[in-house]
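Okay, structure first, notes after.
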Amino acid sequence: MTDQLTDRTTDQVTERLGIRELIENWVLWRDAGDWDRFREVWHPDGRMMATWFQGSGDEFIRVSRAGFERGVRILHFLGGTTIEVRGSRATAQTKMTISQRGPVEGVECDVVCTGRFYDFLEKHEGRWKIVLRQPIYEKDRLDPVGTGPGPALDPELLARFPEGYRHLAYLQSRIGYEVKPDMPGLTGPEVEKLYAQGAAWLDERAFPGAPTS
């Protein structure tokens, strides 16, 4: 019995290490513009949700590459991870920051958003892949890059977006992106729905908007 428990614990650790490696590869390969390897993290049915994009993994690669080649820099930094594995399915939440630099009302600015990646994962051909990545946006800030005065923000535009990512959305909308106005935040019905979807995913139950395998 002891050997069986040890083997089971070892298997769980191995699975979690594989998932953590996948999450780290997503950030390193995307931010470096390593598009061929970045494709490896996605399930064939993988989908990405972000403030500025919602669609398939393949389409996310295409638009990310196009933005990268135009000079758009959306960078990521990871913190701790909590992972739940159930058979061939898993969910992971990973603390992260998203940073983007760009012009805001004529002033070069950095926006930093703190939150979590909430990932739905599944084994495909023996390897963990991302089926759905849904960020949770907890709080953000905007800072001018230089030493001059900060930008004069349009309060009406700023107020259109949730508190967790309103400055990020402001910058992105000003440079031409259409920003989704109802992404999950630290609290509220959107994040509660996401938690319920994660539980359903692990239980292999259907739910509205579920990722499919």
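Number of residues in segment 102-141 that are farther than 21 Å from L171 by Cβ, more than 20 Å from the chain's Cα centre (by Cα) and among the acidic types (D, E): the value is 1.
Remark: pairs (first residue in segment 58-81, more than 18 Å from I130 (Cβ to Cβ) and of a type in the set (D, E, K, R); second residue part of a helix (DSSP H, G or I) and modelled with pLDDT of 95 or more; Cβ separation under 9 Å; 6+ apart in sequence or on different chains) = R73/D31. In segment 156-184, of all residues being in a helix (DSSP H, G or I) and aliphatic (A, V, I, L, M), the one that is farthest from G115 (Cα to Cα) corresponds to L157.
Considering segment 21-47, the residues that are in contact (Cβ under 8 Å) with a residue 24 or more places away in the chain and over 15 Å from H76 (Cα atoms) include one that is surrounded by the most Cβ atoms within 10 Å (Cβ to Cβ), namely V41. The residues of segment 173-206 that are more than 20 Å from G102 (Cα to Cα) and among the hydroxyl-bearing types (S, T, Y), listed by number, are T187, Y195.
Screening E59 on (1) acidic (D, E); (2) surrounded by fewer than 15 Cβ atoms within 10 Å (Cβ to Cβ); (3) over 26 Å from G185 (Cβ atoms) shows it passes everything except condition (3).
Of all residues in segment 88-121, those being charged (D, E, K, R) and buried (at least 21 other Cβ atoms within 10 Å of the Cβ) number 2.
If the condition is being more than 16 Å from the chain's Cα centre (by Cα) and loosely packed, with under 14 Cβ neighbours inside 10 Å, then segment 69-87 contributes E69, R70, G71, R86, G87. Kindly indicate whether any position in segment 163-179 is among the polar types (S, T, N, Q), out of contact with any helix residue (DSSP H, G or I) (no Cβ under 8 Å at 6 or more places or on another chain) and under 25 Å from F60 (Cα atoms). Yes - at least one qualifying residue is present in segment 163-179.
When T147, T187 are checked against the criterion of being at pLDDT below 95 and not in a strand (DSSP E or B), a single residue qualifies: T147. Please verify whether S88 is of a type in the set (S, T, Y), within 18 Å of W128 (Cβ to Cβ) and without any contact (Cβ under 8 Å) to a residue 60 or more places away in the chain, treating the condition exactly as stated. For S88, the condition - of a type in the set (S, T, Y), within 18 Å of W128 (Cβ to Cβ) and without any contact (Cβ under 8 Å) to a residue 60 or more places away in the chain - is met. The single condition among (1) closer than 21 Å to I136 by Cα; (2) out of contact with any Phe, Trp or Tyr (no Cβ under 8 Å at 6 or more places or on another chain) that T10 does not meet is (1).
Residue selection: L194 fails the criterion of being in contact with a Lys or Arg (Cβ under 8 Å, 6 or more places away or on another chain), under 23 Å from G80 (Cβ atoms) and buried (at least 17 other Cβ atoms within 10 Å of the Cβ).
The values are calculated or read from the model by the stated rules, or taken from the named source; none is laboratory data. Because the structure is predicted, anything quoted here is derived from the model rather than measured. Every residue, glycine as well, gets a Cβ built from its backbone with ideal geometry; the counts of neighbours run over all protein chains shown.
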